[in-house]
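To start, the structure itself, in structure tokens.
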Amino acid sequence: MGFPTRLEMTAALRGFAAVLRGEADALRHYDLSVDGFWRSFWPALLLTVPYVLLLEPLVAAAAEDAGGVGYIAGQGLLQLANWFVYLGLMIVLCRAFGLTGRYAAFVVLYNWAQAIAILATLPVLALTQWGLLPPGTPLGWSGILLLVWLYAVVRMARIALGAPLAAALMAALLDLAVTVLLHRLVDFIL
């Protein structure tokens with residue numbers, strides 16, 4: 001198990017576009033082997049570092065009010081916790097709907113989609129940091145990205161898990177619920 005190759009990364013981008021279009025054969029773009037499963041975690045993990053570094057100055061004012069470095073570290077851990085808590089809870093949802101046989105394929109798609117979502121956010125954060133975009137732009141972009149993300153989760157669940165629409169909608173709502181609850185928990189603690 002190493003890092004994903006450039007070929008695997010470009011295939012994942014094509015695969016994500018296929019997922020968004022609802023193509024039933026979108027899985028063909030992904031390496032669904034055991035090694036491919038573990039490699040799918042690396043891109044989002046590595047992209048979390050620049051995400052947190054670019055996010056840090058944007059939350060500096062909030063950090064001063066909420067405990068300084070602890071607040072910023074909490075935001076970075078929040079990104080990772082949200083990811084892993086959601087995937088853990090998805091096991092329960094998959095069991096409830098009898099979809100555990102294709103759970104690994106869902107994880108691969110979800111991991112690559114996380115990396116793509118972070119990658120789509122980095123330029124907005126950077127341009128805001130450099131003063132080329134207004135300070136509220138990341139918030140607006142996050143709202144747009146959230147809608148696309150929820151749609152993508154429904155599509156990923158339908159394609160990777162073979163989930164019925166109700167289960168796919170529950171997968172997306174579970175993702176949203178985990179995100180909201182973990183954000184509230186971190187804000188409460190910090």
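The values are calculated or read from the model by the stated rules, or taken from the named source; none is laboratory data. Being a predicted model, the structure only gives us computed values, none of them experimental. Here the Cβ is made from the backbone with ideal geometry for all residues, glycine too, and neighbour counts use every protein chain on show.
Among the residues of this structure, Trp38 counts as one that is within 17 Å of the chain's Cα centre (by Cα), over 14 Å from Ala113 (Cα atoms) and of a type in the set (A, V, I, L, M, F, W, C). Scanning region 1-55 for residues that are modelled with pLDDT of 90 or more, more than 17 Å from Ala157 (Cβ to Cβ) and part of a loop (DSSP other than H, G, I, E, B) gives Pro4, Thr5, Asp31, Ser33, Phe41. Identify the residue in region 4-19 that is within 20 Å of Trp83 (Cβ to Cβ) and out of contact with any helix residue (DSSP H, G or I) (no Cβ under 6 Å at 6 or more places or on another chain) and, among all such residues, is surrounded by the most Cβ atoms within 10 Å (Cβ to Cβ). The qualifying residue surrounded by the most Cβ atoms within 10 Å (Cβ to Cβ) is Glu8.
When Leu173, Leu132, Leu122 are checked against the criterion of being of a type in the set (A, V, I, L, M, F, W, C) and under 23 Å from Phe41 (Cβ atoms), a single residue qualifies: Leu122.
Please go through region 131-190 and pick out each residue that is outside any helix (DSSP H, G or I) and at pLDDT below 95. Before you say what the answer is, go through the steps one by one.
Quick first cut of region 131-190, residues outside any helix (DSSP H, G or I) only: 131-136, 162-164, 190.
Matches in region 131-190: Gly131, Leu132, Leu133, Pro134, Pro135, Gly136, Leu190.
For region 139-161, indicate whether the set of residues that are more than 20 Å from Ala17 (Cα to Cα), surrounded by fewer than 17 Cβ atoms within 10 Å (Cβ to Cβ) and either of a type in the set (Val, Ile, Thr) or in contact (Cβ under 8 Å) with a residue 40 or more places away in the chain (or both) is non-empty. No; the residues of region 139-161 include none that is more than 20 Å from Ala17 (Cα to Cα), surrounded by fewer than 17 Cβ atoms within 10 Å (Cβ to Cβ) and either of a type in the set (Val, Ile, Thr) or in contact (Cβ under 8 Å) with a residue 40 or more places away in the chain (or both).
Only one of these is part of a helix (DSSP H, G or I), closer than 26 Å to Glu8 by Cβ and free of Cβ contacts under 8 Å to residues at least 24 places away in the same chain: Ile116, Ile91. Name it. Before the answer, list the steps.
Working: Ile116 fails: free of Cβ contacts under 8 Å to residues at least 24 places away in the same chain.
Testing whether each residue is part of a helix (DSSP H, G or I), closer than 26 Å to Glu8 by Cβ and free of Cβ contacts under 8 Å to residues at least 24 places away in the same chain leaves just Ile91.
Look through region 106-138, keep the residues that are more than 18 Å from Pro50 (Cα to Cα) and under 15 Å from the mean Cα position of the chain (by Cα), and return whichever of them is surrounded by the fewest Cβ atoms within 10 Å (Cβ to Cβ). Top of the filtered list is Val107.
Restricted to region 144-179, and to residues that are among the charged types (D, E, K, R) and under 29 Å from Val124 (Cα atoms), which residue is nearest to the chain's Cα centre (by Cα)? Don't jump to the end; show me each part of the working.
Filtering region 144-179 for residues among the charged types (D, E, K, R) gives 155, 158, 175.
Subset that is under 29 Å from Val124 (Cα atoms): 155, 175.
Working: Arg155: 14, Asp175: 9 Å.
Here the answer is Asp175.
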